[in-house]
Amino acid sequence: MEDIAQLSYALDTFYFLICGALVMWMAAGFAMLEAGLVRSKNTVEILTKNIALFAIACTMYLLCGYQIMYPGANEGGIMPLFGTLIGTDNTVDDVTSGDAYYSLLSDFFFQVVFVATAMSIVSGAVAERMKLWAFLVFAVFMTGFIYPVQGFWKWGSGFLNAAGFQDFAGSGVVHMAGASAALAGVLLLGARKGKYGSNGEINAMPGANLPMATLGTFILWLGWFGFNGGSQLQITGVENANAVAQIFVNTNAAAAGGVIAALIVARLLFGKADLTMALNGALAGLVAITAEPLTPSALGSTLIGAVGGSIVVFSILALDKLKIDDPVGAISVHGVVGIWGLLAVPLTNSDATFGAQLLGAGVIFAWVFGASLIVWGVIKAIMGLRISEEEEYEGADLTECGMEAYPEFTSKP
C-alpha cells in the first residue's frame, strides 16, 4: 500500500506541475494577444508589462499572497491570516496518512500562475495610455493582497465557500476579479485620445498584428487545458482520470462554441466575418466554462460557450457606447462573460444555487473593484496614471521603454 501511495503522490504532483506549466504558458498567450491588438507604437511597452507583471506576481505571491489565500485556518471566515511561504516546511514525508495527495510546493506553483493570469487581464484593458511604472506598482498590490483575499473567501475555505458559492477553476475568482480591477483602472484613466468623437462617434483603432493576436489566442486555448484540468487537483484513480478527460473535452467544446457564435453574431451585425470578435469569442467560451467544466455534457459545454461568445460581442459594443475604452475587450471577455459562467453553474451542478452564485459574483466584484479603485486613486495622486498627450501620440514604446518593436518600419534612415 505504501508503494501505491507513493506512486499516486508522485503522479499527482507531476500532473499538477505540468498543468501549472501550461497555465504559465498562458502568459505568452496574453503577451501575444495584447501585442497584436495594440498599435505598433505601443508594442514594446505592452510586452514589457506582461513579462514584468509575471515576475511581480510570482514574487508577491511567494512573499505573502499564498499564505493570505491559504492560511490553513479561519475556515468560513472573512479576514484571512497573514504569513509568508518563505521559511516554512513545505515537504511531505508520510504519504500513507491520506492527508497529502501531492507536494505542497506543486500547489504553490499551480496557484501562483493563476494570480499572474488575473493580473494579465488588467494589462490589456489599460493599454496604450497608462504609465508603465504606475501599472507595475498596482501589480504589487493586486497580486500580493487584493487577489489573495477574495481567493481565500472561496478556495481558502472562507465565507463564500461556506455559503455554497461554486467556482471550479475561477470564472469569478480569477477572470472576473481581473476584469474588476481593470474596470476600476480604465474609469480613472479615461479613453485613448481620438477613440470617441464629440458627437458620439466611435473611431476604430485596429491592432497592428492580427497573426500575432491569433497565435496568442491559440496559446491561451492550449493553456486553458492546464487551467481547468489542473483544478481537478488529482489524476490518479479511475474517477479522477475520467473527470480530467471530461474537463478537457468540455473546455475545448466551449471554446469552439464561443468562436462559432461570435462569428455568426458579428456576421449578422456587421455583414462581415470579424476576426477580433472570433478571437474574443474563443476566450469568452473558455471563461464561461471555467466555473464548472466537469458537470456539463460536451454538447452542453458547447452551448455554454456559445452563449459566452454571443454575449461578448454585445458587451464590447455596449462598453464602447458607454465610452469605456478597452483596447482588447478584456473587461467584456473576463468580466461580463465571467458572470455568465458563474450563473451557468446551477444549470448542470445540483450543488450550486443562483443565490450563492450571485452572492459570490457581487462580493468578488465589490471587493476587487473597490480596493482597486482606492489603489489606482492613490497611485494617480502620487505619480499619475496616464502618459502625456504628446507621449501618447508618439507611442508608449519610445517614451516609456526607449525602443520600438518594428524600427525598420517606423524609424527614419
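The values are calculated or read from the model by the stated rules, or taken from the named source; none is laboratory data. All values derive from a computational prediction rather than experimental measurement. Note that we place each Cβ from the backbone using ideal geometry, even for glycine, and neighbour counts take in every protein chain shown. We work out accessible area using only protein heavy atoms, side chains counted, and drop any ligands, DNA or RNA first. Shrake-Rupley method; radii C 1.70, N 1.55, O 1.52, S 1.80 Å.
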- Filter result for Ile364 (under 30 Å from Gly158 (Cβ atoms), in contact with a Lys or Arg (Cβ under 9 Å, 6 or more places away or on another chain) and not hydroxyl-bearing (Ser, Thr, Tyr)): yes
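Here is a yes/no grid of residues against (1) open to solvent by less than 10 Å² (accessible area, probe 1.4 Å); (2) farther than 30 Å from Gly76 by Cβ; (3) at pLDDT 95 or above:
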residue	(1), (2), (3)
Phe114	yes, no, yes
Pro148	yes, no, yes
Trp153	no, no, yes
Gly158	yes, no, no
Val173	yes, no, yes
Gly178	yes, no, yes
Ile202	no, yes, no
- Determine which member of the set Ala356, Ala371, Ala361, Ala352 is hydrophobic (A, V, I, L, M, F, W, C), touching a helix residue (DSSP H, G or I) at 6+ places or on another chain (Cβ under 7 Å), farther than 28 Å from Met130 by Cα and touching a residue at least 12 places away in the same chain (Cβ under 8 Å). Ala352
- Task: Among residues belonging to segment 51-80 that are open to solvent by 80 Å² or more (accessible area, probe 1.4 Å), of a type outside the set (Asp, Glu) and over 23 Å from the mean Cα position of the chain (by Cα), point out the one that is modelled with the highest pLDDT.
- Result: Ile78
- Query: Within the bounds of segment 346-354, is there any residue that is of a type in the set (Asp, Glu) and open to solvent by 30 Å² or more (accessible area, probe 1.4 Å)?
  - Reply: yes
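Given the criterion modelled with pLDDT of 95 or more, in contact with a helix residue (DSSP H, G or I) (Cβ under 8 Å, 6 or more places away or on another chain), buried (at least 24 other Cβ atoms within 10 Å of the Cβ) and assigned to a loop (DSSP other than H, G, I, E, B), identify the matching residue among Val328, Val287.
Going through Val328, Val287 in turn, the sole match is Val328.
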- By residue number, the members of segment 136-192 that are in contact with a helix residue (DSSP H, G or I) (Cβ under 9 Å, 6 or more places away or on another chain), under 20 Å from Asp351 (Cα atoms), in a loop (DSSP other than H, G, I, E, B) and not aliphatic (A, V, I, L, M) are Trp155, Gly156, Gly158, Gly164, Phe165, Gln166, Asp167, Phe168, Gly170
- Query: Does Ile264 satisfy being of a type in the set (A, V, I, L, M, F, W, C) and in contact with an Asp or Glu (Cβ under 9 Å, 6 or more places away or on another chain)?
  - Reply: no
